[in-house]
Amino acid sequence: MSSIEDRFRALTPNSARLAERAEHVMPGGDTRTTTYHRPYPLTIARGEGPFLFDADGNRYVDLLGNYTSLVHGNAYPPILEAATKAARGGTAWPARSEAQIELAELICSRVDSIERVRFCNSGTEAGMLAAQLARRLTGRKLILMARHGYHGSYDDLELGLLGHDGERTLLGTFGDAASFEKIFAERGAETAAVFLEPVMGSAGMVAPPPGFLGQVATVAHRAGAMLVIDEVITLRLHEGGAQKLFGLRPHITMMGKIIGGGFPVGAIGASAEIMKAFDPRERGSMLHSGTFNGNPVTCAAGAVSVRELTQARIDKMDAQAKRLAAELVRAARDLELPFSVRQTGSLMNIFFTREPPPPTILREDSKMIANFHLAALTHGLFFAPRGLIALSTVISDELLSEICERGADALTDLAGAAH
Ligand SMILES: Cc1ncc(COP(=O)(O)O)c(C=O)c1O
């Protein structure tokens, strides 16, 4: 029997050819570190609903939705219609659009802590903007965040992934409020903000232990530091965002992904008082510009994406995710593979260890997850090489049954390769 990699190569000759071509003009043939995997990432030709199609015509069930941003699947017709209509009227202009107001209104009406919004073009920019705002308002420099937390690729906020303190960034341990308390006791007076993901995504979909987020919020408040909650991937967990689920009222909220309806986007939101710092009518207001901020096409698409993400749809995805997780666990157990899942709502991460590991980006199961990822591709399932899965509202229960079967087949291949 051929190896998993041989089968992957046999199914994807056009992707192999295009990877080779890409390597001549982009390092590693790619332009996003997280999407790279061996032997080469696929070239995708198009997406439609819950499916992606590669350059060889293979069909995959899209279980990633561009890293959680396509919450209504690919080319969702109402989004396509709104974006096309907007683009016909011009793709960008240096003035507001009505769609921009509508998207900001939707966000303000859903998320309790947000009264005003500023748009940018990525979650990374939202993190930069949040850090700038907190530093300006507190007159302090230090940022606190969780080890292995991720808030985009701004270097002051990237240290979480690297796992070590920096000149202007200190790291606490997610789930351990005392570790944050200790840093606040030592450096609280210098701390501008503590940044937290309510559920840590890149670290393996780690949910907070009860009380943890509230305890860190309290210590931050006591030290006069701002609480920044990063909802770039978690806004989809509840109509009011994960902060509603966990009873938080952050000073600043970072957003991205789903609020752009599949187009590049980022935003921060906060109270009117805090956001006054950006008001150009105020003396000494902060400079915040960006040629594509609040782009009309993005905002038209984003408004549909947010409006159509109802609580009923969120609950349905949650139930489907629970079923998928349970069926994968059962299939892996029948094959005697070490396997575990962490799932919160429509987001999950799978691991080839008996228990989910502590928050980390350094995986001890890296070989198995890499093999399983390739095996799953050969069975028509597309998810992140690190095992991140995000469901979308366009996956039917029938398709979910098919996903479970394909997942079990990929696990069988993996068990065959391992034994
Ligand atoms: C929690 C979190 N914050 C920030 C970001 C950065 O967003 P972007 O990729 O749009 O820059 C991400 C991206 O995955 C994220 O997961």
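The values are calculated or read from the model by the stated rules, or taken from the named source; none is laboratory data. Being a predicted model, the structure only gives us computed values, none of them experimental. Reconstructed Cβ throughout: ideal geometry from the backbone, glycine too, with neighbour counts over all protein chains shown.
Brief remarks on what is shown
- Looking across G247, G269, G214, G224, one residue alone is part of a helix (DSSP H, G or I), of a type in the set (G, A, S) and away from the ligand (no atom under 14 Å from the Cβ). It is G214.
- Checking each residue in the range 250-266 for being surrounded by 19 or more Cβ atoms within 10 Å (Cβ to Cβ) and either away from the ligand (no atom under 16 Å from the Cβ) or not hydrophobic (A, V, I, L, M, F, W, C) (or both) picks out P250, H251, T253, G256, K257, G260, G261, G262, G266.
- Helices (runs of 4 or more DSSP H) fully within the range 113-205 that include at least 3 residues being among the acidic types (D, E) and in the same structural domain as D279 (by TED's automatic domain parsing): 155-162.
- Filter result (surrounded by 23 or more Cβ atoms within 10 Å (Cβ to Cβ) and either in a helix (DSSP H, G or I) or within 11 Å of the ligand (Cβ to nearest atom) (or both)) within the range 227-244: V228, I229, D230, E231, V232, I233, T234, L235, R236, L237, A242, Q243
- Residue match in the range 19-35 (condition: in contact with a strand residue (DSSP E or B) (Cβ under 7 Å, 6 or more places away or on another chain) and surrounded by fewer than 18 Cβ atoms within 10 Å (Cβ to Cβ)): no
- Residue within the range 42-62 that is assigned to a helix (DSSP H, G or I) and either over 17 Å from I389 (Cα atoms) or outside the structural domain of F382 (by TED's automatic domain parsing) (or both) present: no
- Residue in the range 374-382 that is surrounded by 18 or more Cβ atoms within 10 Å (Cβ to Cβ) and within 20 Å of the chain's Cα centre (by Cα) present: yes
- Against the test of being surrounded by fewer than 20 Cβ atoms within 10 Å (Cβ to Cβ), free of Cβ contacts under 8 Å to residues at least 60 places away in the same chain and polar (S, T, N, Q), the options S271, S285 yield a single qualifying residue, S285.
Quick grid of which residues meet (1) in a loop (DSSP other than H, G, I, E, B); (2) touching a helix residue (DSSP H, G or I) at 6+ places or on another chain (Cβ under 7 Å); (3) surrounded by fewer than 16 Cβ atoms within 10 Å (Cβ to Cβ); (4) at pLDDT below 95:
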{"position": "K322", "(1), (2), (3), (4)": "no, no, yes, no"}
{"position": "A326", "(1), (2), (3), (4)": "no, no, yes, no"}
{"position": "A331", "(1), (2), (3), (4)": "no, yes, no, no"}
{"position": "Q343", "(1), (2), (3), (4)": "no, yes, no, no"}
{"position": "I350", "(1), (2), (3), (4)": "no, yes, no, no"}
{"position": "E364", "(1), (2), (3), (4)": "yes, no, yes, yes"}
